[in-house]
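Structure first, then comments.
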Amino acid sequence: MESAATRPLGDETSRPSSDQRFSFAQARTLIGDLTRPNPMIYWADFLVSIVLGHITLHGIFFLPRWYPEAAWMPPAVVVLYVATVLLYMRALMFIHELVHLPQEGFRGFRIAWNALCGIFFFVPSFLYYPHVDHHRRKHYGTEHDGEYLPLSHRGRWMIVGFIFQALVIPILGLARFLIISPICWVFPPARKWVHRHASTMVVDPFYERPDASPRLMRIVLLQEACCFAWAAWFLIRGGLMRGEWLDPFWLVAYAVGLGVLVLNEFRTLGAHRWTNDQGEMSFEDQLLDSVNYPDNAWVTELWGPVGTRYHALHHLFPRIPYHNLGLAHRRLTEGLPADSIYHRTNAHSLTEQIVALWKRAGGSETHSDPLKQGHTQTA
């Protein structure tokens, strides 16, 4: 007989009953010792990723100039491009860890991440501070959660648009700090609108960020100034110093940025099932709406680095550092009862989940919507 732990999530009979509520106390006894981050792992992982990424990026640019006639050059550039996208993807994903790391003991790491990565990509860490709302029980999946859209109920064009927005995001990022930031400096009344509507990494374009405290605004101004300086240099180095109206390095940077964005957007599509369209969700619904990918670690870690492939587990215990999530998942899998709803957060592959989302958005699987089948929600 098929157990609740092995039935597919969409199965109507797989909804948690009142005697199958998830037990935090039971889970804590299994993984309570895994909440302390190891600074050495953070530093080593990030520095190796970002330094190698910078090296491979410049290899993409210089190899065609150094060896234009070499037969091996085109495939070498392709390999370097893939490596650059994956390395930068890993380095950038540490922005997620910055939100959850303790304030004490990681100030130097935060500065280093912004200096070597965040500023470089026009994604300084202040853009991601509202991520905490994504973890608030009463905010998840509602209008107060900037990282959620009911994609399962909005049609396939929204999914297509979500992916193709990557074409313009690099330009918007450059404009945000090269043009909009100086406008706010010169014309302070514009700051309030910009902070609410153009200062957050979001999934929901209608999300409004809460007003900033004086301390946060000092961080915003400092990081904005650094991004502005980098943006100005990025343009000046090609337009004036080289006398080229179109710096070839701009095209390389755009292509790499586009690759990172597309990969991250596919990762994001698979992080949740995006089934909520009815306001506040119960905890069980929130857990079942998030996805873990424990299988095929060597491949999954490439598109879901720095713990992002254990997204359901991260929502369950946000304070567990990324380097302990694999061990925590194994302990929960082995220690929780077979009928625990935690087991139904697992998915085999990203492709499988995106195909399921595509079908739900097209209306062909409305009968198997995991949040519409008899599970009580709070309104």
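Taking the residues in the stretch 189-230 that are among the acidic types (D, E) and closer than 24 Å to Q165 by Cα as candidates, determine which candidate is nearest to the chain's Cα centre (by Cα). Even if it seems obvious, please write down each step before you answer.
So the first thing to find is which residues in the stretch 189-230 are among the acidic types (D, E), and the list is 204, 208, 211, 224.
Next, only the ones that are closer than 24 Å to Q165 by Cα stay: 204, 208, 224.
Values: D204: 13, E208: 19, E224: 21 Å.
Here the residue is D204.
Can you work out which of the residues in the stretch 306-338 that are part of a loop (DSSP other than H, G, I, E, B) and in contact with an Asp or Glu (Cβ under 9 Å, 6 or more places away or on another chain) is farthest from W43 (Cα to Cα)? Break it down into steps so the answer makes sense when it comes.
Filtering the stretch 306-338 for residues part of a loop (DSSP other than H, G, I, E, B) gives 306-309, 317-321, 336-338.
Next, only the ones that are in contact with an Asp or Glu (Cβ under 9 Å, 6 or more places away or on another chain) stay: 306-307, 309, 321.
Working: V306: 13, G307: 15, R309: 20, P321: 13 Å.
Residue satisfying both the conditions and the ranking: R309.
Out of the residues in the stretch 269-293 that are acidic (D, E) and touching a Leu at 6+ places or on another chain (Cβ under 9 Å), which is modelled with the lowest pLDDT? Spell out the reasoning first.
First, the residues of the stretch 269-293 that are acidic (D, E): 277, 280, 284-285, 289.
Next, from what is left, pick out any that are touching a Leu at 6+ places or on another chain (Cβ under 9 Å): 277, 285, 289.
Working: D277: 85, D285: 89, D289: 94.
Within the stretch 269-293, the match that is modelled with the lowest pLDDT is D277.
Within the stretch 275-293, can one find any residue that is loosely packed, with under 15 Cβ neighbours inside 10 Å and assigned to a helix (DSSP H, G or I)?
Going through the stretch 275-293, the residues loosely packed, with under 15 Cβ neighbours inside 10 Å turn out to be 279.
Subsequent filtering for residues that are assigned to a helix (DSSP H, G or I) retains none.
No; the residues of the stretch 275-293 include none that is loosely packed, with under 15 Cβ neighbours inside 10 Å and assigned to a helix (DSSP H, G or I).
Condition check: over 27 Å from Q103 (Cβ atoms) and β-branched (V, I, T). Does I60 satisfy that?
It is true that I60 is over 27 Å from Q103 (Cβ atoms) and β-branched (V, I, T).
I183 is checked against (1) more than 16 Å from Y129 (Cβ to Cβ); (2) surrounded by 13 or more Cβ atoms within 10 Å (Cβ to Cβ) and fails just one. What number does that condition carry?
Just one mismatch for I183, condition (2).
Taking the stretch 275-288, which residues are closer than 15 Å to N346 by Cα and in contact with a helix residue (DSSP H, G or I) (Cβ under 7 Å, 6 or more places away or on another chain)? Please lay out each step first, then the result.
Of the stretch 275-288, the ones closer than 15 Å to N346 by Cα are 284-288.
If the condition is that a residue be closer than 15 Å to N346 by Cα and in contact with a helix residue (DSSP H, G or I) (Cβ under 7 Å, 6 or more places away or on another chain), then E284, Q286, L287, L288 are the ones that fit.
Residue by residue, here is whether (1) of a type outside the set (S, T, N, Q); (2) without any contact (Cβ under 8 Å) to a residue 40 or more places away in the chain holds:
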position: E143; (1), (2): yes, no
position: G146; (1), (2): yes, no
position: S152; (1), (2): no, no
position: I169; (1), (2): yes, no
position: R176; (1), (2): yes, no
position: S181; (1), (2): no, no
position: K192; (1), (2): yes, yes
position: H195; (1), (2): yes, yes
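The values are calculated or read from the model by the stated rules, or taken from the named source; none is laboratory data. What you see is a predicted model, and the numbers here were worked out from it, not measured in a lab. Every residue, glycine among them, receives a Cβ derived from its backbone with ideal geometry; neighbour counts consider all protein chains shown.
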